[in-house]
Structures are given as structure tokens and as C-alpha cells.
1. So how far apart, in nm, are the two label points at Q200 and Q183 if each is 7 Å from Cα heading toward Cβ?
2. For K121, list the lysines whose Cα falls under 24 Å from its own Cα; do not include residues on the same chain fewer than 8 positions away.
3. With unit charges on the beta carbons (Lys and Arg positive, Asp and Glu negative) and the dipole taken about the Cα centre of the range 22-119, which residue among L77, F101, M35 sits farthest to the positive side?
4. Lys and Arg at +1, Asp and Glu at -1: add these up for the other residues within a Cβ distance under 10 Å of E167 and post the number.
5. Could you sort 79-86, 4-11 so that the peptide with the highest average Cβ count within 10 Å comes first and the rest follow in order?
6. Pull up the DSSP beta bridges for the chain and report the antiparallel fraction as a percent, rounded to 5.
7. Along the Cα→Cβ direction, 7 angstrom out, place labels at R32 and D220. What is the inter-label distance in nm?
8. Out of I140, G44, S213, whose Cα points farthest toward the positive end of the dipole of the chain (charges: +1 Lys, Arg; -1 Asp, Glu; placed on Cβ)?
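No lab work stands behind these numbers, since they all come straight from the coordinates. Everything numeric in this text was worked out from a predicted model, so none of it was measured. With ideal geometry, Cβ positions are generated from the backbone for all residues, glycine too; neighbour counts draw on all protein chains shown.
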Amino acid sequence: AMIDIDWSRIDTVFLDMDGTLLDLYFDNHFWREHMPRRYAEYHGLDEAVARAHLDQHYERHAGTLNWYCLDFWSSELALDIVQLKEEVAHLIAVRPDVPAFLQAVRASGRRIVMVTNAHPKSLGLKMRETRIDAYFDALISSHQVGLPKEHPDFWQGLQAIEPFDKERTLFVDDSLPVLQSAQAYGIAHLLAVCNPDSRQPPKDCGVFAAITSFEQVMPDT
């Protein structure tokens, strides 16, 4: 079904990366399958034990900037996370509905900015693999702001790097806590992506207007 977006009221489009533009399967596979396997090998542990141990670490830092920081995890777990990501980089994939959408937004003359919690090293790896950075006016990692997108003060911090009119900005993300934070700040146009991982069933997006494909919200040409 088409989602009704009044494009005449939008000048700026902020887009999340993982689970929104890229299939979240890569990240889910990396943190839930590849990491525990490597961690188990490295520490001589049973894989189930390694997974339980990592889950404790993950829970402790969820929703913080550390959670998204590859340098933090590299030191915390004594593993080269960037190197481990390289091992499964072939799984990084752009959602099939994304290039046409990015092209259309770009052609419409609107400002298009990636706003991601991903660490700059992860962002670099993903842009190298997908080349979608060519569509963007700017790529911003929350590490530049010093707060994750979930944090209520993130958006004010973003204003200093990338000034925007919250009344005339569309923001698309697959994380409900992030969308709630953007809503609290007053970003007028919000969309939730409900099928971030192509190998998982769609999730409930609560109160937010929800899409499973960007074909549902193409800008007027």
C-alpha cells in the first residue's frame, strides 16, 4: 500500500543505514553467529558459552554509544572487529528497493543525508562494498555527535553538524527507540521500516507509519 507523504513539505531526507538502506541480515549474522564462533575459537570455549558471554556484554551496553563502537568492542573482547567484519563482508547488501528511491530523492533536488549509529569504520566498510555514498550530500555517524540517536539530545547535537528544519525533514529508521527520540525532538515526518532483516518476519512498528519497501513512498517526479 502507498503511504501518503506530502513531499511538498519536505526539504531534507535523513536516512538510517543498517536495516533501512542495507539488509540487517549482515549485522544480525555478524553479532549473533560469526562473532560467537570466532570468540569461541579464540578463547577455546564452547560456542553456546561464548554466545551467552557475548549476550551479557551486549545487554550491558545496548543503546549506548559503546554498543556501536568497533574500537570499544575490539578492546573489550580482545578481537579485531573490523577484521572479523571483513571476513563476512560479502553478506553486506543494499535493500533492492533502495537505489531507485535514492535516485528519485536526489533527482528531486532535496538534501539527502545518512544519519547512522554505525561506527565510522563500519560505515567505511559498508560504503566500500555498496557504493551508495554517491547518492548522499553527507554521511553522519552518531560518533561525530558523541551521542547515539536514541539519546534525546542527539538531534540538537546533529543540528550543529547538519542544520535542518525539523518541520520540513523526513526521517526513516528501523529502530523504534530511535524514531521515538526523533519524534520527541519534533521531526515532523517519520517512517518506520518494518522488515529490516530479509530473513526475519516483519515486526510491529507501533504508532509509526510503516513501510516494507521504499516503493511505497517514492517522491513525486
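1. So the label points at Q200 and Q183 sit 2.0 nm apart.
2. The reachable lysines, counting only those whose Cα sits under 24 Å from K121, are K85, K149.
3. In the range 22-119, that residue is F101.
4. Taking every other residue near E167 into account, the sum is +1.
5. Per-residue mean Cβ counts within 10 Å order the peptides as 79-86, 4-11.
6. Details: 1 of 20 bridges.
For the chain, the DSSP antiparallel bridge percentage is about 5.
7. Placing both labels 7 Å along Cα→Cβ, they lie 4.1 nm apart.
8. In the chain, that residue is I140.
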